Amino acid sequence: MNVLILGSGGREHAFAWKVSQSSLCKKLLVAPGNAGTAQIGTNIEIGVNDFDKIKDLCLSEEIDLLIVGPEDPLVNGIYDFFQEDEKIQHITVIGPSKKGAQLEGSKEFSKEFMVKYGIPTAAYQSFTKDTLEEGNQFLETLSPPYVLKADGLAAGKGVLIPETLKEAKISLKEMLGDAKFGDASSKVVIEEHLKGIELSVFVLTDGISYKILPSAKDYKRIGEGDKGLNTGGMGAISPVPFADRFFIEKVEREIIKPTIKGLVEEDIDYKGFIFIGLMVENGNPKVIEYNVRMGDPETEVVIPRIKSDLLNLFRGIGNGSFSEIDFDISEEVAATVMMVSGGYPESYEKGKKMSGFEDVEDSLLFHSGTKNDGDKVVTNGGRVLAITSFGKDINEAVNKSFKNAEKINFEGKYYRKDIGFDL
Ligand code: AMP
Ligand code: GLY
């Protein structure tokens, strides 16, 4: 098969790494990709939202399968764009339809979906500019901290958790009245604050049947001890120790099955990943959010633990044999440690020369923000490189990654040395 992957992060490098191992893979393209994907496939300088150019590329390269990494093109309807065009509708697109992508693209849509299908989630109400006063009144009925979510996509920044009622009211006014997140906050979901431990569960589905992928926990804050500013993710561990077979069975019964049932009943075409963010208190999971793609850096620990041929599973999604394909997961623990640019998640410099790749032993390197500059690899983003290792337990796995992180050098490099500390 000829495969095109859309995106340029560690997630896409991990997909490329896995797909390239399949005997079914004839040609592998990544758009736009990074210095890591360039080692195993061909990078093409096309943006993930440039549907016309993506179509032309699919035709000229005779692509059979399109794997969509990030949420943006999904929310913008890339699946439907392919479905509606006779010339490219034979191509299997891994990612949901535009309607399905609303599970991530609209917080209100996803909350309504959860309520309708009896999926446990935080109590909520949504408000617009015209109902700002009602929003303030709703805030008064809640106890702190408060959770305010911009309805639309806001590059991962649309959730505010103010500590006091006063701050919450100011934030609500900024979001609705002053368009703090542009159009994305023309509607705001206010919800009950949940307590507990967060983890994520991932599902691959053809819209009818599904396979439960390994669970993972990511570390969102920049600082050790989970302090400081939010980032895209500084590391991840899979599996999550408390997510044992019984817990996952509960998640399957209470969340995954009703989610798939909802997709079927709402007539939503969904061939792709569902990322279910959970908050767990006393063993009871509630959904914080759906994402309609894999997580980054969660992919860098989840995908390496899949022993089965991922491309064969994707092919099965396209030809209807998905439910019959075996699916095996490694028992080993995987850990990934994200190396980032100095200053990230605030301003940082790019173009720093990287070295030490050849000294790395016993880890997988997934490039996040890198590019080739002549014969050198240079930094090209805030998150630069995910170092993934396996072990019999979390300690063994993370320690391999830490050791290799010492060997990789670039000016201003930083990584958290406590990934997995709380598990
Ligand atoms: P989201 O973008 O929906 O994942 O939210 C970002 C982060 O905010 C989550 O990873 C949680 O840590 C936190 N969060 C979101 N909703 C809630 C909630 N209802 N209760 C507690 N924390 C929440
Ligand atoms: N690591 C969180 C995300 O990909 O949304």
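The values are calculated or read from the model by the stated rules, or taken from the named source; none is laboratory data. Note that the structure is a prediction, hence the values are computed from the model and not measured. Cβ placement follows ideal geometry from the backbone for every residue including glycine, while neighbour counts extend to all protein chains displayed. Accessible surface areas use protein heavy atoms only, side chains included; no ligands, DNA or RNA. Shrake-Rupley method; radii C 1.70, N 1.55, O 1.52, S 1.80 Å.
Which of the residues spanning region 320-352 are of a type outside the set (Gly, Ala, Ser) and outside any loop (DSSP other than H, G, I, E, B)? Give the derivation first.
Looking only at region 320-352, we keep the residues that are of a type outside the set (Gly, Ala, Ser), and these are 322, 324-329, 331-333, 336-340, 344-346, 348-350, 352.
Correct list: PHE322, GLU324, ILE329, VAL333, THR336, VAL337, MET338, MET339, VAL340.
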Yes/no for GLY228 being open to solvent by less than 70 Å² (accessible area, probe 1.4 Å), within 15 Å of ligand 1 (Cβ to nearest atom) and within 29 Å of GLY391 (Cβ to Cβ): yes
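Applying the selection to region 138-149, what residues are touching a strand residue (DSSP E or B) at 6+ places or on another chain (Cβ under 6 Å) and either under 14 Å from GLU289 (Cα atoms) or near ligand 1 (Cβ under 10 Å from one of its atoms) (or both)? Show your work before the answer.
So the first thing to find is which residues in region 138-149 are touching a strand residue (DSSP E or B) at 6+ places or on another chain (Cβ under 6 Å), and the list is 138, 147-149.
Residues satisfying the conditions are VAL147, LEU148, LYS149.
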Residues located in region 323-335, provided they are in contact with a helix residue (DSSP H, G or I) (Cβ under 6 Å, 6 or more places away or on another chain) and open to solvent by 50 Å² or more (accessible area, probe 1.4 Å): ILE329
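Which of the residues spanning region 266-276 are away from ligand 1 (no atom under 16 Å from the Cβ), open to solvent by less than 20 Å² (accessible area, probe 1.4 Å) and not β-branched (Val, Ile, Thr)?
Residues satisfying the conditions are TYR270, GLY272.
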Would you be able to say whether some residue in region 34-42 is in contact with a Ser or Thr (Cβ under 6 Å, 6 or more places away or on another chain), open to solvent by 30 Å² or more (accessible area, probe 1.4 Å) and modelled with pLDDT of 95 or more? yes
Every residue from region 391-423 that is part of a strand (DSSP E or B) and either at pLDDT below 95 or under 18 Å from GLY232 (Cβ atoms) (or both): TYR414
From the options GLY320, GLY283, residue that is on the phi > 0 side of the Ramachandran plot and open to solvent by less than 50 Å² (accessible area, probe 1.4 Å): GLY283
Let me spell it out: the conditions are (1) at pLDDT 95 or above; (2) of a type in the set (A, V, I, L, M); (3) farther than 30 Å from VAL384 by Cβ; (4) more than 16 Å from ligand 1 (Cβ to nearest atom), and ALA122 meets all of them except one. Which number is the exception? (4)
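Is it the case, given these coordinates, that VAL340 is buried (at least 18 other Cβ atoms within 10 Å of the Cβ) and under 19 Å from the mean Cα position of the chain (by Cα)? Give the steps one after another, and end with the answer.
On the way: buried (at least 18 other Cβ atoms within 10 Å of the Cβ): yes; under 19 Å from the mean Cα position of the chain (by Cα): yes.
Yes, satisfied.
I'd like the full set of residues that are of a type outside the set (S, T, N, Q) and in contact with a helix residue (DSSP H, G or I) (Cβ under 7 Å, 6 or more places away or on another chain), limited to region 34-60. Explain how you work it out, then say what you get.
Pass one, region 34-60, residues of a type outside the set (S, T, N, Q): 35-36, 38, 40-41, 44-48, 50-59.
Scanning region 34-60 gives GLY36, ILE40, GLY41, ILE44, ILE46, VAL48, PHE51.
Suppose we keep only residues that are without any contact (Cβ under 8 Å) to a residue 60 or more places away in the chain and β-branched (Val, Ile, Thr) within region 164-202. Which one would you say is most open to solvent (accessible area, probe 1.4 Å)? Spell out how you get there, then give the answer.
Of all residues in region 164-202, those without any contact (Cβ under 8 Å) to a residue 60 or more places away in the chain come to 164-186.
After this cut, where a residue has to be β-branched (Val, Ile, Thr) as well, the list is 164, 170.
Working: THR164: 62, ILE170: 89 Å².
So, considering only residues that are without any contact (Cβ under 8 Å) to a residue 60 or more places away in the chain and β-branched (Val, Ile, Thr), the one most open to solvent (accessible area, probe 1.4 Å) is ILE170.
Got a number for residues in region 64-104 being aliphatic (A, V, I, L, M) and farther than 20 Å from ASN2 by Cα? Before you say what the answer is, go through the steps one by one.
The first filter runs over region 64-104 and keeps only residues aliphatic (A, V, I, L, M), leaving 65-68, 74-75, 78, 88, 91, 93-94, 101, 103.
Then keep just the ones that are farther than 20 Å from ASN2 by Cα; that gives 74-75, 101, 103.
Going through region 64-104 one residue at a time, the tally reaches 4.
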Just one listed residue, out of ALA155, ALA216, is at pLDDT 95 or above, within 16 Å of ligand 2 (Cβ to nearest atom) and not aromatic (Phe, Trp, Tyr), and it is ALA216
Could you run through region 343-368 and say how many residues are surrounded by 20 or more Cβ atoms within 10 Å (Cβ to Cβ) and among the hydroxyl-bearing types (Ser, Thr, Tyr)? 3
Test each condition in (1) under 16 Å from ILE212 (Cβ atoms); (2) within 15 Å of ligand 1 (Cβ to nearest atom); (3) not charged (D, E, K, R) for LEU263 and report the one that comes out false. (2)
When you go through (1) open to solvent by 30 Å² or more (accessible area, probe 1.4 Å); (2) outside any loop (DSSP other than H, G, I, E, B); (3) in contact with a strand residue (DSSP E or B) (Cβ under 8 Å, 6 or more places away or on another chain); (4) not aliphatic (A, V, I, L, M) one by one for THR388, which number turns out not to apply? (1)
TYR290: within 16 Å of ligand 2 (Cβ to nearest atom) and either modelled with pLDDT under 95 or open to solvent by 10 Å² or more (accessible area, probe 1.4 Å) (or both), yes or no? no
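Scan region 265-283 for residues that are more than 16 Å from ligand 2 (Cβ to nearest atom), under 17 Å from PHE109 (Cβ atoms) and among the β-branched types (Val, Ile, Thr) and jot them down. Even if it seems obvious, please write down each step before you answer.
Residues of region 265-283 more than 16 Å from ligand 2 (Cβ to nearest atom): 265-271, 280-283.
Now restrict to residues that are under 17 Å from PHE109 (Cβ atoms): 265-270.
ILE268 - this is the single residue of region 265-283 that is more than 16 Å from ligand 2 (Cβ to nearest atom), under 17 Å from PHE109 (Cβ atoms) and among the β-branched types (Val, Ile, Thr).
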Being within 16 Å of ligand 1 (Cβ to nearest atom) and out of contact with any helix residue (DSSP H, G or I) (no Cβ under 9 Å at 6 or more places or on another chain) narrows it down to one of MET279, MET294, so name that one. MET279
